[in-house]
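Peer 1: A single structure is presented below for examination.
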Amino acid sequence: MKTSAYAARSRSSKQFMNSITSATSSHNTQPFFASGKTSKHGDSSGLNPSAQEGEDVGGRTVGEFVGDVGRPVGSFFGNVFGSIVGAVAGNDISSATTTPAVWNNHGHFKWDISFSTSGRNGWIVQKIESTRRAQDAAGNALPDGLTPLYWEAWAVDGAGNISPASGGTHDFWQRRSFGNNTQGHWSISSACYFTTTDPATQGFAVGNAPEAGGLLSSLSEPSGLGVGRLHRFAQGTWDSTSAIPTHDGSAGPQ
């Protein structure tokens with residue numbers, strides 16, 4: 001797909017994120033992905049392998065622009081600090097991409113990863129914060145039932161095996177397609193923690209957050225999580241109101 005005006009205007013911010021990417025190599029992280037493009041349906045930020053696909057600044061509001069610049073920076077520094085704490089505590093968490101991030105037309109996005117941890121006999125709890133602005137060509141808001149904030153959990157056994165999983169993938173991030181003649185912006189931010197407290201004793205259950213799929217999840221913050229070991233983000237801005245749809249964004253670390 002062709003590069004949008006947004007991508008041209010935000011080249012300097014992407015160059016800045018690339019410079020941050022280079023610095024991450026010494027902290028056991030992988031590079032940020034940037035941008036892509038045709039779609040399916042569904043939203044997920046958990047174990048859901050069957051999921052289907054104000055003032056404007058380059059197609060984004062000022063607040064969205066600030067958030068898009070801040071998320072990569074916040075994730076980078078969060079991972080530097082989290083890796084130090086995890087190394088000392090013996091329960092660091094890292095991720096590896098199993099399906100590369102792709103930005104399809106009409107707001108559809110997909111990125112799958114696997115986790116690994118030096119922690120044993122506990123749980124990985126991930127906090128998910130999501131935003132989305134979806135509009136029709138006239139700027140009218142479209143119905144959207146996205147859960148803005150929730151927590152989800154994976155069990156870790158004495159050998160470091162993490163479950164549940166699907167074909168080696170633990171976490172499926174997806175944002176659904178809104179179809180032709182739509183426009184908008186979305187973001188996902190996450191922080192992963194290691195805990196020895198069973199989430200089920202803190203109100204976690206399958207179905208509390210639909211996006212979590214088959215994972216235990218909660219809409220309330222559990223106690224005693226401490227410092228986040230792993231921070232990730234993904235974000236995008238799409239415009240399908242013209243002849244050539246565009247969808248640009250970034251995600252990391254990968």
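Where a number appears in this text, it was derived from the coordinates with a stated rule and is not lab data. This is a predicted model, so every value here is computed, not measured. Note: ideal-geometry Cβ built from the backbone for every residue, glycine included; neighbour counts use all protein chains shown.
Peer 1: If you put +1 on each Lys and Arg Cβ and -1 on each Asp and Glu Cβ, how big is the dipole of the range 173-254 around its Cα centre, in Debye rounded to 20? Numbers along the way, then the final one.
Peer 2: Numbers: 4 positive and 5 negative charges, 21 e Å.
Roughly 100 debye for the range 173-254.
Peer 1: Would you mind listing how long the range 86-168 runs along its three principal axes, going by Cα atoms, in whole Å with the largest first?
Peer 2: 54, 24, 23
Peer 1: Continuing with the same structure: Which residues in the range 223-254 have a backbone N closer than 14 Å to a point placed 7 Å from the Cα of Leu149 along the Cα-to-Cβ line?
Peer 2: In the range 223-254, the label zone of Leu149 (backbone N under 14 Å from the point 7 Å along Cα→Cβ) covers 223.
Peer 1: Neighbour counts of other C-beta atoms within 10 Å: give me Ser177, Ser118 arranged from fewest to most.
Peer 2: Taking fewest neighbouring Cβ atoms as first place, the list is Ser118, Ser177.
Peer 1: Once the convex hull of the C-alpha atoms of the range 116-162 is built, how many Å³ does it hold per residue, rounded to a whole number?
Peer 2: Working: hull volume 4.0 nm³, N = 47.
Looking at the range 116-162, the number lands at 85 Å³ per residue.
Peer 1: Ranking request for peptides 104-114, 148-158: highest mean number of other beta-carbon atoms within 10 Å first, then the rest in descending order.
Peer 2: On the way: 104-114: 22.9, 148-158: 18.9.
Ranked by mean Cβ neighbours within 10 Å, highest first: 104-114, 148-158.
Peer 1: I need the Kirkwood Rh of the range 71-134: take the reciprocal of the average 1/r across all distinct C-alpha pairs and report it in angstrom.
Peer 2: Values: mean 1/r = 0.0705 Å⁻¹.
About 14.2 Å for the range 71-134.
Peer 1: Restricting things to alpha carbons, tell me how big the range 145-192 is in terms of Rg and Dmax, in Å.
Peer 2: Gyration radius and largest Cα-Cα distance of the range 145-192: 15.4, 51 Å.
Peer 1: Give me the number: length gained by fully extending Asn121 to Ala87, i.e. 0.36 nm times residue separation minus the C-alpha to C-alpha distance, one decimal in nm. Each step should come with its number before you reach the end.
Peer 2: Details: separation 34, 0.36 × 34 = 12.24 nm, distance 1.67 nm.
Taking 0.36 nm per residue and subtracting the Cα distance, the gain is 10.6 nm.
Peer 1: List every residue whose amide H lies under 5 Å from the amide H of Val227, counting only residues 5 or more places away in sequence or on a different chain, with H placed 1.01 Å from N in the peptide plane.
Peer 2: none
Peer 1: Here's something else I'd like to know. Suppose each label sits 7 Å from its Cα in the direction of the beta carbon; what would the Glu129-Ala200 distance come out to in nanometres?
Peer 2: 3.1 nm
Peer 1: Same structure, new question: According to a simple spin-label model (label point 7 Å from Cα along Cα-to-Cβ), what is the distance in nm between Ala137 and Val102?
Peer 2: Result: 2.7 nm between the two label points.
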